[in-house]
Amino acid sequence: SLDSGKSSSGLGYHKLLLSAVNAIWCCVSFMNQDLFLERGGIPILLDLLERCPPSMQNLVLGALLDLTEEARAVPHVVTWRGSGQKTAVSLLIQLWRAEEQAMGVKRDRNHVMTDPATPLQGVEQLMSDVSAQALSSTPTLAILDVADNMRAKIYAMLFRIGFENLPPVSAKDQITLTLIENYLDFKVGEVWEEIIAELMLDNITPIKSDREALKEIQTIIAAKSEAVRRHQMEILERESMVELEEEQMCYQQIKFNFKQWEQQNASRINFINKTSDYETLQMSKQRQSALAEKSKQEPPGIRDTVEHSTLLKMLTTTVHSGRHINVPLSDKPSIVSPHKVLPAISPTRSNERSVVTQ
């Protein structure tokens, strides 16, 4: 198991891990990559990427990126699960957010783009002087940014996995994933902006066709940034609607449970009143008799029939005792237990018959 505390404890673990990753980077090739994959090399590197300090993450991610040049290594990345069942896509998105936070890129608390004009630029790049870059032979900050942080490697890794085949992620990760998916377009736009600034600094006026082309490029990049920001806001609104619906469903469940509790409480109070107050008992019996009369249906065309009463005259309860009752031909009916089997009707007991009430 990998212990993230040992790598920075000063006992040489940091150098050992760096040497091991460097050895993997240099030794694993097309000839022995199958053996490396069979021994679980990709999951181990992903475990190391998750637990190693930020100073090592760029190196480990670079080794993983080179190993995934072969398509057979990509499934090992997709099926990996880290702590808390974290996927490789979620880990890469988390590293992207940490990288932009360290760079000081303008984002709100939901990681939505706040300035479409500078979608990728950090504090150092925003405060840089174009004139100092133009007069020197060093590459511009837009190019150096690709090597200085892990965002280009994260984009390349997700591109190899496939933005269309990514596993489901949370709404916050979807917002960040929208930025990652358009990283290359935004980076190309930064390079063109620096080219236009350098031309203006050198007092070079492009010809008409070039001016129109540069203007069209600026318009396309600005429209791309606005479209990405609108898409991020749509994701955020959908997530807010889902949370609102879940909250309403929770309140509906609470309301239903409280209503059930009120009904049970009212039923218990009614039962206590019927067993403790004689007048309440009489009123309940009257309501029961009225409901029984309303439920009777007189068959049309049948008269002079014998009707058997289903109510006992000396009844002291207002609930039905059971489904099976014995109704004799006499005026004194008796109640039979619902668990007692009724005897069969025989000729010797012609003065009595069994009735099953529904």
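Report the residue count in segment 60-98 for those that are assigned to a helix (DSSP H, G or I), more than 21 Å from Asp34 (Cα to Cα) and at pLDDT 90 or above.
Residues flagged as assigned to a helix (DSSP H, G or I), more than 21 Å from Asp34 (Cα to Cα) and at pLDDT 90 or above within segment 60-98 amount to 10.
Considering only segment 87-109, I want to know if a residue exists there that is surrounded by 15 or more Cβ atoms within 10 Å (Cβ to Cβ) and farther than 21 Å from Gln57 by Cβ.
Yes, there is a match, as at least one residue in segment 87-109 is surrounded by 15 or more Cβ atoms within 10 Å (Cβ to Cβ) and farther than 21 Å from Gln57 by Cβ.
Only residues in segment 223-248 that are of a type in the set (A, V, I, L, M, F, W, C) count as the first member; pair them with residues that are buried (at least 18 other Cβ atoms within 10 Å of the Cβ), Cβ under 6 angstrom, at least 6 apart or cross-chain, and list the lot.
Val228/Thr178; Val228/Asn182; Ile235/Gln174; Ile235/Ile175
For Gln218, which of the numbered conditions (1) open to solvent by 30 Å² or more (accessible area, probe 1.4 Å); (2) in contact with an Asp or Glu (Cβ under 9 Å, 6 or more places away or on another chain); (3) within 30 Å of Pro75 (Cβ to Cβ) fails to hold?
All conditions pass for Gln218, except number (3).
Of all the residues that make up segment 69-86, how many are open to solvent by 40 Å² or more (accessible area, probe 1.4 Å) and over 15 Å from Lys153 (Cα atoms)?
Total meeting the criteria: 12.
Which ones in segment 48-68 are open to solvent by 40 Å² or more (accessible area, probe 1.4 Å) and out of contact with any Lys or Arg (no Cβ under 8 Å at 6 or more places or on another chain)?
Of everything in segment 48-68, those that are open to solvent by 40 Å² or more (accessible area, probe 1.4 Å) and out of contact with any Lys or Arg (no Cβ under 8 Å at 6 or more places or on another chain) turn out to be Arg51, Pro54, Ser55, Leu59, Asp66.
Residue under question is Met127, and the condition is that it be open to solvent by 60 Å² or more (accessible area, probe 1.4 Å) and either in contact with a helix residue (DSSP H, G or I) (Cβ under 8 Å, 6 or more places away or on another chain) or more than 30 Å from Leu236 (Cα to Cα) (or both); does it hold?
yes
Looking at segment 152-169, which of its residues are charged (D, E, K, R) and open to solvent by less than 60 Å² (accessible area, probe 1.4 Å)?
Lys153
Of all residues in segment 25-43, count the ones that are free of Cβ contacts under 8 Å to residues at least 40 places away in the same chain and under 26 Å from Ala98 (Cα atoms).
3
Part of a helix (DSSP H, G or I), under 30 Å from Glu243 (Cβ atoms) and without any contact (Cβ under 8 Å) to a residue 60 or more places away in the chain, is that true of Leu158?
Considered against the rule, which asks whether it is part of a helix (DSSP H, G or I), under 30 Å from Glu243 (Cβ atoms) and without any contact (Cβ under 8 Å) to a residue 60 or more places away in the chain, Leu158 comes out as no.
Kindly provide the set of residues from segment 235-276 that are among the aliphatic types (A, V, I, L, M) and open to solvent by less than 70 Å² (accessible area, probe 1.4 Å), ordered by number.
Ile235, Leu236, Val242, Ala266
Restricting the first residue to segment 284-296 and requiring it to be surrounded by 10 or more Cβ atoms within 10 Å (Cβ to Cβ), which pairs with a second residue that is modelled with pLDDT of 80 or more and outside any loop (DSSP other than H, G, I, E, B) meet a Cβ separation below 9 Å and a spacing of at least six or different chains?
Short answer, once both residue conditions are applied: Ser284/Asn270; Ser284/Asn273.
Restricting to segment 170-200, count the residues that are open to solvent by less than 30 Å² (accessible area, probe 1.4 Å), among the β-branched types (Val, Ile, Thr) and in contact (Cβ under 8 Å) with a residue 24 or more places away in the chain.
4
How many residues does segment 99-116 hold that are part of a helix (DSSP H, G or I) and of a type outside the set (Gly, Ala, Ser)?
Residues in segment 99-116 being part of a helix (DSSP H, G or I) and of a type outside the set (Gly, Ala, Ser): 4 in total.
With the requirement that a residue be part of a loop (DSSP other than H, G, I, E, B), modelled with pLDDT of 85 or more and loosely packed, with under 11 Cβ neighbours inside 10 Å, what does segment 7-47 give you?
Answer for segment 7-47, where residues must be part of a loop (DSSP other than H, G, I, E, B), modelled with pLDDT of 85 or more and loosely packed, with under 11 Cβ neighbours inside 10 Å: just Arg39.
The values are calculated or read from the model by the stated rules, or taken from the named source; none is laboratory data. This structure is a prediction, so every number in the text was calculated from the model and none was measured. Cβ sites come from the backbone with ideal geometry, for glycine too, and all protein chains shown count toward neighbours. Areas reflect the complete protein model, heavy atoms only, side chains present, ligands, DNA and RNA absent. Shrake-Rupley method; radii C 1.70, N 1.55, O 1.52, S 1.80 Å.
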